[in-house]
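Below you'll find the structure, written out as structure tokens, and then a few comments.
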Amino acid sequence: MVNEIYPLGTLPAVGEVPKKMHAAVLRQENYGHPANAFTIEKVDIPNIGKNDVLIAVMAAGVNYDGVWAALGNPVDVIKQNARRGYKEDYHIAGSDASGVVWAIGDEVNNVVIGDEVVISCGIWDKNAKDIQDGKSPMESETAGIWGYDTNYGSFAQFALVKDFQCYEKPSHLTWEQASCFMLTGATAFRQLMGFPPHQLHKEDPVLIWGGAGGLGEMAIKICRAFDAVPIAVVSDQEKEEFCKSIGAKGTINRKNFTHWGRLPNIDNGIEMKNWTLEAKRFLNAYYDALGEKRKPRIIFEHSGQDTMPTSIFICDTGGMVVICGGTSGYNADVDLRYLWVKQKRLQGSHFANPDDCAGINKLVKTKKVTPTISEILDFEQIGLSHQKLLDNKNKSGSMVIKVGIK
Ligand code: NAP
């Protein structure tokens, strides 16, 4: 007989679905500091639709979208998801997971109960007209992020995903390792390989902001897998050492520079001159780190407002700045003169298409990329882990939450 609910770290026999589960939930009245925003509650296990897969979560990766969800800013995810038809007055975040297929909908045929999988967080309606007309799924009007734009993410005993989100778990990885590479790895893969002709080539210099963070770590390793030359920007010496240990050719400590944030008024000659001098000093530090005078062909952006003016300034002629986030703010300045005269490309990127997910999974399976865990935390520490991300106190690599494992 199946119990109504099981203690965290235990489960019924494979395939038996209880009525309820333990989940770390966000409620609107708790939005704010992530440390206090998540509460552990008993909630109903969701119904399984014809293309749905119920996953018994073993471990869950911690990512920045959980920070945004906990803050309720820039999007109130509960309000947004209510507009999409969700009935719950709570949100279960978590967009990275490793786990076991526990139940499947009637039309699922790519996985069977008992399969060990990792989950991609890209979701869309595969029958949407724009996809049927040939758009890539992440460019569809229906695209979103599981655990952010949908409820029932990975910070619970069971998660609800679509069949196409499931990828075979690399068998040599632990549950913890397998839970923390798909979101950052596939995002980085698309940024670096998804926008031809600006794909990684042998010997291409690539500048990577936040090299010791979740995305940056993956970007460095992917560059190395394609024989490109990553240069990482970080904010302390320990992170510099970490980036070099995972393949960065050189590093730059951004704390040695002062020109971050929005550009000065372009009509203010003195301020503009000072900004340019500091940006040139940064460019020289990059040349020193690379060991030669070649500008970056690709700049891997996600830090946003603080760094975008520098990214545009130092990107190579005909190169690309590719951005997927704005950790330091969204109001980023672009001096258009550098963009058009030097024919640079500013490219937005959001998570990943199936080819990118398969691409990073293959690199991991073939041991060309191995995820680095910064810390393994208990289920009760989900709020704390997100607070660390917000406060930039995470150690190098990715944090992981134990869910179905002790
Ligand atoms: P993370 O692990 O916290 O790493 C971010 C890194 O950014 C930090 O290690 C920090 O490194 C650096 N950083 C922080 N503030 C900075 C500033 N003012 N200037 C320059 N660098 C700064 O986060 P992550 O997982 O890599 O994610 C980074 C961003 O990308 C987040 O905003 C996230 O929401 C976004 N993202 C978007 C997608 C997507 O699909 N659109 C996917 C994943 C992530 P140092 O202090 O060492 O410089």
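The table below gives the values:
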{"read-out": "Sum of -39500 (n - 2.57) over DSSP H runs of 4+, divided by residues of the chain (222 nm, nearest 500)", "value": "-8000 deg cm²/dmol"}
{"read-out": "Cα extents of region 1-154 along the three principal axes, largest first (Å)", "value": "46, 40, 26"}
{"read-out": "Two-decimal log10 I(q)/I(0) for region 91-141, as the Debye equation yields it once each C-alpha is a single scatterer, q = 0.14, 0.18 Å⁻¹", "value": "-0.53, -0.81"}
{"read-out": "Residue 378 versus residue 89: modelled label distance in nm, points set 7 Å from Cα along the beta carbon direction", "value": "3.0 nm"}
{"read-out": "Normalised contact order of the chain, rounded percent, pairs of Cα under 8 Å and 6 or more residues apart", "value": "19 percent"}
{"read-out": "Cut-off under 5 Å, modelled amide H: who pairs with residue 210 long-range", "value": "233"}
{"read-out": "Within-14-Å neighbourhood charge of residue 140 [Cβ basis; K, R +1; D, E -1]", "value": "-2"}
{"read-out": "Value of D in µm² per second that Stokes-Einstein yields for region 103-171, Kirkwood Rh from Cα pairs, at 20 °C (1.002 mPa s)", "value": "163 µm²/s"}
{"read-out": "Cα-based convex hull volume of region 266-353 per residue, rounded to whole Å³", "value": "110 Å³"}
{"read-out": "Rg/Rh for region 77-227, where both radii come from Cα atoms and Rh is the Kirkwood radius", "value": "0.99"}
{"read-out": "Accessible area (Å², per residue) of region 182-339, counting only protein heavy atoms and a probe of 1.4 Å", "value": "39 Å²"}
{"read-out": "Cα-Cα over 19 Å, subset of 87/402; 368/406; 255/293; 42/402; 255/393", "value": "87/402; 368/406; 255/293"}
{"read-out": "Dmax and Rg, reported as Rg then Dmax, of region 236-383 (C-alpha, Å)", "value": "17.8, 54"}
{"read-out": "Quotient of C-alpha Rg and 2.2 N^0.38 Å, computed over the chain", "value": "0.99"}
{"read-out": "Compactness of region 227-269, expressed as Rg and Dmax over alpha-carbon positions, Å", "value": "14.4, 44"}
{"read-out": "Radius 9 Å from Cβ of residue 375, net charge of other residues (Lys, Arg +1; Asp, Glu -1)", "value": "+2"}
{"read-out": "Efficiency of FRET from Cβ geometry, residue 284 and residue 258, R₀ 22 Å, rounded to 0.05", "value": "0.90"}
{"read-out": "Packing rank of 105-117, 136-148, 362-374, 285-297, where each peptide gets the mean count of other beta carbons within 10 Å, highest leading", "value": "136-148, 362-374, 285-297, 105-117"}
{"read-out": "Centre separation in Å (Cα based) which lies between region 340-404 and region 135-186", "value": "12 Å"}
{"read-out": "Packing-based ranking, highest mean first, of 173-180, 261-268 given that Cβ atoms within 10 Å are counted", "value": "173-180, 261-268"}
{"read-out": "Distant-in-sequence amide H partners of residue 377 (H built 1.01 Å from N, under 5 Å)", "value": "400, 401, 402"}
{"read-out": "Solvent-accessible area, 1.4 Å probe, carbon plus sulfur percent, for the chain", "value": "49 percent"}
{"read-out": "Mean-position separation - Cα centroids, region 289-327 and region 10-51, in angstrom", "value": "40 Å"}
{"read-out": "Bins of 5 Å, starting at 0 and running to the largest distance - Cα pair percent for region 314-405", "value": "3, 10, 12, 13, 16, 19, 13, 8, 4, 2, 1, 0"}
{"read-out": "D_trans [Stokes-Einstein, Kirkwood Rh over alpha-carbon pairs] for region 156-233, 20 °C, 1.002 mPa s, µm² s⁻¹", "value": "154 µm²/s"}
{"read-out": "Binned Cα-Cα distances of region 43-125, short to long, each 5 Å bin given as a whole percent", "value": "3, 12, 19, 24, 22, 13, 6, 1"}
{"read-out": "Backbone N under 19 Å from the residue 274 label point (7 Å along Cα→Cβ), restricted to region 233-263", "value": "255-263"}
{"read-out": "Residue-wise HN-Hα coupling along region 209-219, computed from phi with Karplus coefficients 6.51, -1.76, 1.60 (Hz; x: Gly, Pro)", "value": "6, x, x, 9, x, x, 5, x, 4, 5, 4"}
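The values are calculated or read from the model by the stated rules, or taken from the named source; none is laboratory data. In this text the structure is predicted, and so the values were computed from the model without any measurement. Counting neighbours? That spans all protein chains shown, and the Cβs are built from the backbone with ideal geometry, glycine included. Surface accessibility is based on the protein's heavy atoms, side chains included, excluding ligands, DNA and RNA. Shrake-Rupley method; radii C 1.70, N 1.55, O 1.52, S 1.80 Å.
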